[in-house]
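One structure below.
The values are calculated or read from the model by the stated rules, or taken from the named source; none is laboratory data. No experiment lies behind these values; they were computed from the predicted model shown. All Cβ positions, even for glycine, are placed from backbone atoms using ideal geometry, and neighbour counts span all protein chains on display. Accessible surface areas use protein heavy atoms only, side chains included; no ligands, DNA or RNA. Shrake-Rupley method; radii C 1.70, N 1.55, O 1.52, S 1.80 Å.
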Amino acid sequence: MSSGPVSPALRHAGLNLKYASREEAEQIESDVFGFWVFLMSDAVIFALLFALFGTSLEATVGGPTLASVVKLAPAFIETALLLTSSFTFGMASIELKRTHKFTRRHRHRAVGWLLLTWALGIAFLGMEAHDFVTMAGEGAVPDRSFFLSAYTVLIGTHGLHVLTAVIWLPILLMQMYMFGLDRPLKVNLIRLSLFWHFLDIVWIAIFSIVFLQGAIR
Amino acid sequence: MITETHGIAHALLGNLTWAALPYVRAWRDPSLSEIIGAGAGSMVVLGAIALFALITWLGKWRYLWTEWFTTLDHKKLGIMYVLLAGVMLTRALIEAMLIRTQQATAINAPGLVEPGHFAQLFTTHGSIMVFFMAMPFLIGLINYVVPLQIGARDMAFPYLNSVGFWLTAAGSALMMASLTIGEFSTGGWSGYPPYTELAYSGGVGPDYWIWAVSLSSLGSMTVGINVACTIFKFRAPGMGFMRMPLFCWTSLCTAILMIFAMPPLTVVTLLLAGDRYLGMHFFTDGGGGNMMNYANMFWLFGHPEVYILILPAFGVFSEVISAFSSKELYGYTSLVLATTAIAVLSFTVWLHHFFTMGQGADVNAAFGIATMTIGIPTGVKIYDWIFTMFRGEVRFTPPMLFSIAFMMTFVIGGFTGIILATPPLDYMVHDTLFLVAHFHNMLIPGTLYGMIAGYMFWFPKAFGFRLNERWGRISFSCWAGGFFLAFFPLYVLGAAGMARRTQEVFDPAFRPWLYIALFGALVLFAGLASLFIQLYVSIRDRAENMVPIGDPWDARGLEWSVSAPPPEWNFAVIPHVGNRDAFYWRKRNHGAYVRADQYKDIELPKNLMCGPVIGVAAGLCCFGLIWHIWWIASLFAAASVLTVIARSFQRDTTRTIPAAEVEAVDRRWLAGAHASRPVPRQQEETSLNQGLAEGFEPDRAHGLA
């Protein structure tokens, strides 16, 4: 293992952590690159679901319409929760980024930010679940019409992704205490942060295309 | 056929009843159709039992588990992919013969099988050939060859590689299970709703299709990510993009297509599952559902899929033609550009799969023109291959024969493709055997010939001995002749108006053509049988055909610069690349078979049981979903997720090969190389061929002296 300084060119766009060696940096770079590629593939899934949603708007078959199911107030709070969670994850990343001294204090702060992120994610999921239950109470269930099927699948797929991230995060925290900030953990933290921000971007699209559209209809 | 069950039995076994077993159905209704079904089921069961018994008798379970099932070695995974493809090819080809027999015997007569059974036959034939024969075959070749060609030790994500393989294997297992438990879809390989919706297909058939295909598409997506990352990030120093062998280029384009084209398939199968399981209304007749969303998304996958199938074969042909013409590839840059152009254009033509479904003349015209555009880069490739052969030292080895047959046959298929790309003409022949003839004309030469050629070309690399050329030529004659006999009559029949997927035929004038086509199918099967005979004969006579030095064809890429079979770590020292055709250049410039100055320890991934565990769990989860056995589905869904989580806690994932061992293995091989007699091209098919090509001058000063 060569342990020369890591040239800036080797650093990927994303979260830079403390690297033990050039080799480690290269390895992490390619591992993270793979996740970028996965996200591209995942983005195609969301693109298709958005397209599907677009074609479904009129297919309400006399049932609830977009205007009638969309409630802007909870959507606004959900957006705030998710965007804040991205910010707190960013703060955690900054703590993890201390390249020269990753002390106990930094770790505590990083863990604190991550736990806050986690709580925000759970709150988001809770609100989303509440939305679906409310909708079901109003008869807006997925098997009512193509529109409601498409609506549910678009938002539900995003929700499932958030759920995945919410399950993933405590696992990484556990590993941080078990193994310290080792290479696999660094890779997975970077991946999770990318995933988290990706879901934020998807949510912004959902907010603009689903909720705002519902509000002006 | 499938009855809803209730109460405790339903909680435990879902919709599974005795009537799900084809044997019970054949007992209750001993018609020829049911007996054929039961026979096929028995073949699967007896085959599985025989295999288990054989392995147990040989005491090979531990060996298989430690050396193969849990391996993360890209070479072994590649071999397992090809093996899987071989098994599935055999089944799907038997089904093809049944399809042809049915149509040839059912002229104003009932024929062998009932309509529902016939529909299952063409559905499984298509689904298997695309998802469980062609895909595993090409993924297998890519897996084996690409890391060796770019000078890498393994794929970027060996663990993901294993998971991808086992997901594909689980999908194949579901295809096999449908033969003995229940039934398969009757909706064709494309599974068009609303026919595949609950309202019209109430049984488990479409569910088998949905979950088998979903597993396969998930597996393929992981392969796409893996191959793309490997090529982007793990090329040896100096191996610029324009120095890569062409097979790497076509693999890269295939991988990128997989990354972008597999998600639509995943989405579409899961949405159909939403309709069938949760009562949603994506593609249903009522509830606002719109089948056109399915058609668009399915072919948004389906058309790039055509190029996923064909591009790797283009890569194989490029390697084979160049090696067996002893010439560098003509027009390398144009071949690269053509490959990338095809990859991009493949996303612009999906609508030509449903010209007749009502989009209007303007839209059809645009897609028709886009479709014809693909002919241009493809034509460029054909000319490049021809010019590669021009004035080369062409040897008609079996892979080369397949390549030449491909070029001629594929061009004819391309012409009929132009006919189909013209919307008014497509209206005339769509949904007839003309279309069936066309896509077989593209996929048999364009995929299967390429895969067989690749298998024969790289077999000596993987196993250290050549395949028997005589049986190779016999097999080639059957595949080439059988293709024309089996599919050219279908052009005639299709132009005469015979609809595809027809269980009974009412025009006696079709009889002679159907007979010729049946005969052709038998010849094709003989081609497959001779492949197996070739394998058997070659293994039997392997002592005479050893090529341990690893370069039996005087070929050009880095994969030939290592021993056959290659060491687990591929390269004792990662090579530095200064040219295209790196190994060929080195052979001619005293750079080959040279001892390294210094050997280093090599880290390799440890074996991992997660791949097979996730595969089995995912397969069982899908089985539970198919039969509505919710406890099995949730139990095994949890099992696969927990396996992934548990694996992330594992830290001790690599093992180290000490430098001394690497050096010893390398020196032994180099000593062999310097002791071997180089073989001239005229004798490469004789037992004199030890894998050292003539023209190479061992440089004693740099060698072992």
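Out of curiosity, is B:Leu493 in a helix (DSSP H, G or I), in contact (Cβ under 8 Å) with a residue 40 or more places away in the chain and not acidic (Asp, Glu)? Yes. The condition of being at the interface with chain B (Cβ under 8 Å from one of its Cβ atoms), open to solvent by less than 20 Å² (accessible area, probe 1.4 Å), more than 23 Å from A:Gly126 (Cα to Cα) and under 17 Å from the mean Cα position of the chain (by Cα) holds for A:Ser41.
Among the residues of segment B:181-188, some residue qualifies, meaning at least one is away from chain A (no Cβ under 14 Å), aliphatic (A, V, I, L, M) and open to solvent by 10 Å² or more (accessible area, probe 1.4 Å).
When segment B:259-278 is filtered for residues that are touching a residue at least 40 places away in the same chain (Cβ under 8 Å) and either out of contact with any Phe, Trp or Tyr (no Cβ under 6 Å at 6 or more places or on another chain) or within 9 Å of another protein chain (Cβ to nearest Cβ) (or both), the ones remaining, listed by number, are B:Phe260, B:Ala261, B:Met262, B:Pro263, B:Thr266, B:Thr269, B:Leu270, B:Leu272, B:Ala273, B:Asp275, B:Arg276, B:Tyr277. Any residue at all in segment B:361-378 that's open to solvent by 30 Å² or more (accessible area, probe 1.4 Å) and outside any helix (DSSP H, G or I)? Scanning segment B:361-378 turns up no residue that is open to solvent by 30 Å² or more (accessible area, probe 1.4 Å) and outside any helix (DSSP H, G or I). Does A:Leu160 count as surrounded by fewer than 19 Cβ atoms within 10 Å (Cβ to Cβ) and more than 9 Å from every other protein chain (Cβ to nearest Cβ)? In short, yes.
Residues of segment B:287-303 that are in contact with a Pro (Cβ under 9 Å, 6 or more places away or on another chain), over 12 Å from B:Tyr192 (Cα atoms) and more than 7 Å from chain A (Cβ to nearest Cβ): B:Leu300, B:Phe301, B:Gly302. Within segment B:584-595, being within 26 Å of B:Ala660 (Cβ to Cβ) and open to solvent by less than 20 Å² (accessible area, probe 1.4 Å) holds for B:Ala592, B:Tyr593. Does at least one position in segment B:143-152 carry a residue that is modelled with pLDDT of 95 or more, open to solvent by 10 Å² or more (accessible area, probe 1.4 Å) and away from every other protein chain (no Cβ under 14 Å)? Yes - at least one qualifying residue is present in segment B:143-152. Under the condition of being more than 16 Å from B:Ala173 (Cα to Cα) and in contact with an Asp or Glu (Cβ under 7 Å, 6 or more places away or on another chain), the residues counted in segment B:113-139 number 2.
Taking the conditions (1) under 30 Å from B:Asp285 (Cα atoms); (2) open to solvent by 30 Å² or more (accessible area, probe 1.4 Å) in turn, A:Ala150 satisfies each one other than (2).
Working only within segment A:46-60, note down all residues that are facing another protein chain (nearest Cβ under 8 Å), buried (at least 19 other Cβ atoms within 10 Å of the Cβ) and part of a helix (DSSP H, G or I). Matches in segment A:46-60: A:Leu48, A:Leu49, A:Leu52, A:Ser56. Scanning segment A:29-38 for residues that are within 7 Å of chain B (Cβ to nearest Cβ) and open to solvent by 30 Å² or more (accessible area, probe 1.4 Å) yields A:Phe33, A:Phe38. State whether one or more residues within segment A:197-216 are within 18 Å of the chain's Cα centre (by Cα) and within 12 Å of chain B (Cβ to nearest Cβ). There is no residue in segment A:197-216 that is within 18 Å of the chain's Cα centre (by Cα) and within 12 Å of chain B (Cβ to nearest Cβ). If you filter segment A:163-187 down to residues that are within 12 Å of chain B (Cβ to nearest Cβ) and outside any helix (DSSP H, G or I), you find that the one that is surrounded by the most Cβ atoms within 10 Å (Cβ to Cβ) is A:Asp182. Name every residue in segment A:61-106 that is in a loop (DSSP other than H, G, I, E, B) and away from chain B (no Cβ under 14 Å), in order of residue number. Passing the criteria: A:Val70, A:Lys71, A:Lys97, A:Arg98, A:Thr99, A:His100, A:Lys101, A:Phe102, A:Thr103. In segment B:312-325, the condition of being in contact with a Ser or Thr (Cβ under 6 Å, 6 or more places away or on another chain) and either modelled with pLDDT under 95 or assigned to a loop (DSSP other than H, G, I, E, B) (or both) is met by at least one residue. Would it be correct to say that A:Glu23 is under 28 Å from B:Pro158 (Cα atoms), among the acidic types (Asp, Glu) and more than 9 Å from every other protein chain (Cβ to nearest Cβ)? Here the answer is yes, as A:Glu23 does meet what is asked.
Pick from B:Thr90, B:Thr17: which is of a type in the set (S, T, N, Q) and at pLDDT 95 or above? Unique residue meeting the criteria: B:Thr90. Contact map, segment A:118-143: residues that are within 18 Å of A:Thr157 (Cβ to Cβ) and among the acidic types (Asp, Glu) paired with residues that are open to solvent by 50 Å² or more (accessible area, probe 1.4 Å) and assigned to a helix (DSSP H, G or I), Cβ distance under 8 Å, separation 6+ or inter-chain. Pairs shown: A:Asp143/B:Leu278. If you check B:Leu84, B:Leu72, B:Leu89 for being assigned to a helix (DSSP H, G or I) and either in contact with a Pro (Cβ under 6 Å, 6 or more places away or on another chain) or free of Cβ contacts under 8 Å to residues at least 60 places away in the same chain (or both), only one passes: B:Leu84.
In summary, B:Leu337 fulfils each of the numbered conditions (1) open to solvent by less than 10 Å² (accessible area, probe 1.4 Å); (2) farther than 30 Å from B:Met357 by Cβ with the single exception of condition (1). Residues of segment B:392-424 being open to solvent by 40 Å² or more (accessible area, probe 1.4 Å) and either in a helix (DSSP H, G or I) or within 20 Å of B:Leu246 (Cβ to Cβ) (or both), which ones? B:Glu393, B:Val394, B:Met408, B:Val411, B:Ile412, B:Phe415, B:Ile418, B:Ile419, B:Pro424 - these are the residues of segment B:392-424 that are open to solvent by 40 Å² or more (accessible area, probe 1.4 Å) and either in a helix (DSSP H, G or I) or within 20 Å of B:Leu246 (Cβ to Cβ) (or both). One residue alone among B:Val573, B:Val616 is under 28 Å from the mean Cα position of the chain (by Cα) and within 21 Å of B:His74 (Cα to Cα), and that residue is B:Val616. Would it be correct to say that A:Ser41 is without any contact (Cβ under 8 Å) to a residue 60 or more places away in the chain and small (Gly, Ala, Ser)? It is true that A:Ser41 is without any contact (Cβ under 8 Å) to a residue 60 or more places away in the chain and small (Gly, Ala, Ser). Among residues that are within 14 Å of chain B (Cβ to nearest Cβ), open to solvent by less than 10 Å² (accessible area, probe 1.4 Å) and within 30 Å of B:Gln650 (Cα to Cα), A:Leu192 is included. Of the residues making up segment B:329-360, those that are farther than 22 Å from B:Met262 by Cβ, touching a Phe, Trp or Tyr at 6+ places or on another chain (Cβ under 8 Å) and not in a helix (DSSP H, G or I) are B:Tyr330, B:Gly331.
When restricted to residues that are aromatic (Phe, Trp, Tyr), open to solvent by 10 Å² or more (accessible area, probe 1.4 Å) and away from chain A (no Cβ under 11 Å), segment B:217-258 contains 2.
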